[in-house]
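First comes the structure, then the notes that go with it.
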Amino acid sequence: MLNIFTLANGRLFQEEIESLEELTSFQPIWVDLEAPTLEEKRWIKQHYGLSIPEDAMDEDIEESARFYEEDNGELHIRSDFLIDDDEDPRSVRVAFILNQHNTNLKSRGVLFSIHDEDVPVFRLLRMRARRAPGLIEDAKEVLLKLFDADAEYSADTLENIYDELEKVSNQVLAGDVTDTRAGEVLAAIARQEDLNGRIRRNVMDTRRAVSFMMRTKMLNSEQFEEARQILRDIESLDNHTAFLFDKINFLMDATVGFININQNKIIKIFSVASVALLPPTLIASVYGMNFKFMPELDWSLGYPYALGLMVASALGPMWYFRKRGWLK
């Protein structure tokens, strides 16, 4: 899908392009390619003179492979954007290309974004830019607002994580955590820990991208100050993710502690049963000896006497353990 965004009266308007002729009739500031086809790439090449690299969305982590400037003046930025999906939270790699200086190409002043699937941050910016006139001024502003919206999206996701952990905390701290509930709690904690880690990685990547924009001196004074504010917001998100990691570890330890308590209860019951059965076992062993001269062998009440003695010897320890509260 190929979407272009034009600026009119301070508002961002979206058009979905289905042919090269439609593309040539607009003067956009942002061209968004979602899972672009070979034909759509050919349109971009033919009209703007821009070749989209085959490795545009590779998973390289080196800064030199993700933030660089070509000899022809094209600025390349590869950044990750979070998708907070209940079933499959993930990060999507987005490649940005911006030509600022090369006046020989029609791509000058146009931001190009390439990604494999729709990103919530992009939808958020499109909605805001339609409703708030003056929010976007140029292609650099689009890129900066995307990173700003990404930081805000991460903040909202962190708030959702905190709400979910509060529910888990109420279950754990209420006591009487069964093994079944403990398993459910551990699964929920693991999901939130994974999402929190993705957010931490995402904001770290956003910080690197914004810092690169500041180093290239591509921003004017107002945009530079806005970029600094984004970095300050990201710093606060870092602190919050660290706090959530501590809370997750506490809940994990508390849940594991309840599991250990439940296991200790089971082991305690087995230990009490073993001790209670020792005296009857001793009595049965004594009367199971094959000595020729035993006083009770010729006694008609010897068998019930031995059985009663074994029962009494088992009930005695059980009464003692119950009195001490060891059977609870």
Query raised in the report: Within the group 192, 223, which residue is open to solvent by 10 Å² or more (accessible area, probe 1.4 Å) and either in contact (Cβ under 8 Å) with a residue 24 or more places away in the chain or farther than 30 Å from residue 108 by Cβ (or both)?
Result: 192
Query raised in the report: Among the residues of segment 281-304, which ones are open to solvent by less than 100 Å² (accessible area, probe 1.4 Å) and aromatic (Phe, Trp, Tyr)?
Result: 287
Requested in this report: State yes or no: is residue 40 open to solvent by less than 50 Å² (accessible area, probe 1.4 Å) and modelled with pLDDT under 85?
Outcome: no
Query raised in the report: Do any residues in segment 118-133 that are in contact (Cβ under 8 Å) with a residue 24 or more places away in the chain and of a type in the set (A, V, I, L, M) have Cβ atoms under 6 Å from those of residues that are in a helix (DSSP H, G or I) and open to solvent by 30 Å² or more (accessible area, probe 1.4 Å), where the two are at least six apart or on different chains, and which pairs are they?
Result: 121/153; 125/145
Query - Failed criterion for residue 140 (all others in (1) open to solvent by 80 Å² or more (accessible area, probe 1.4 Å); (2) at pLDDT 80 or above; (3) among the basic types (Lys, Arg) hold) - result: (1)
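Restricting to segment 1-37, give me the number of residues that are of a type in the set (A, V, I, L, M, F, W, C) and buried (at least 17 other Cβ atoms within 10 Å of the Cβ). Outline the logic, then answer.
Here is the first cut: in segment 1-37, the residues of a type in the set (A, V, I, L, M, F, W, C) are 1-2, 4-5, 7-8, 12-13, 17, 20, 23, 26, 29-31, 33, 35.
Filter again for buried (at least 17 other Cβ atoms within 10 Å of the Cβ), leaving 2, 4-5, 7, 12, 17, 23, 29-31, 33.
Result for segment 1-37: 11.
Any chance you could count how many residues in segment 95-125 are in a helix (DSSP H, G or I) and open to solvent by 30 Å² or more (accessible area, probe 1.4 Å)? Can you show your working first?
First, the residues of segment 95-125 that are in a helix (DSSP H, G or I): 120-125.
Subsequent filtering for residues that are open to solvent by 30 Å² or more (accessible area, probe 1.4 Å) retains 123-124.
Residues in segment 95-125 being in a helix (DSSP H, G or I) and open to solvent by 30 Å² or more (accessible area, probe 1.4 Å): 2 in total.
Every residue in segment 116-134 that is touching a Lys or Arg at 6+ places or on another chain (Cβ under 7 Å) and closer than 25 Å to residue 199 by Cβ, please.
Let us first name the residues in segment 116-134 that are touching a Lys or Arg at 6+ places or on another chain (Cβ under 7 Å), namely 125, 129-130, 133.
125, 129 - these are the residues of segment 116-134 that are touching a Lys or Arg at 6+ places or on another chain (Cβ under 7 Å) and closer than 25 Å to residue 199 by Cβ.
The values are calculated or read from the model by the stated rules, or taken from the named source; none is laboratory data. Bear in mind that the values here come from a model prediction, so they are computed numbers and not experimental data. Here Cβ is always computed from backbone atoms with ideal geometry, including for glycine, and neighbour counts include all displayed protein chains. Protein only, heavy atoms only, side chains kept; ligands, DNA and RNA dropped before computing areas. Shrake-Rupley method; radii C 1.70, N 1.55, O 1.52, S 1.80 Å.
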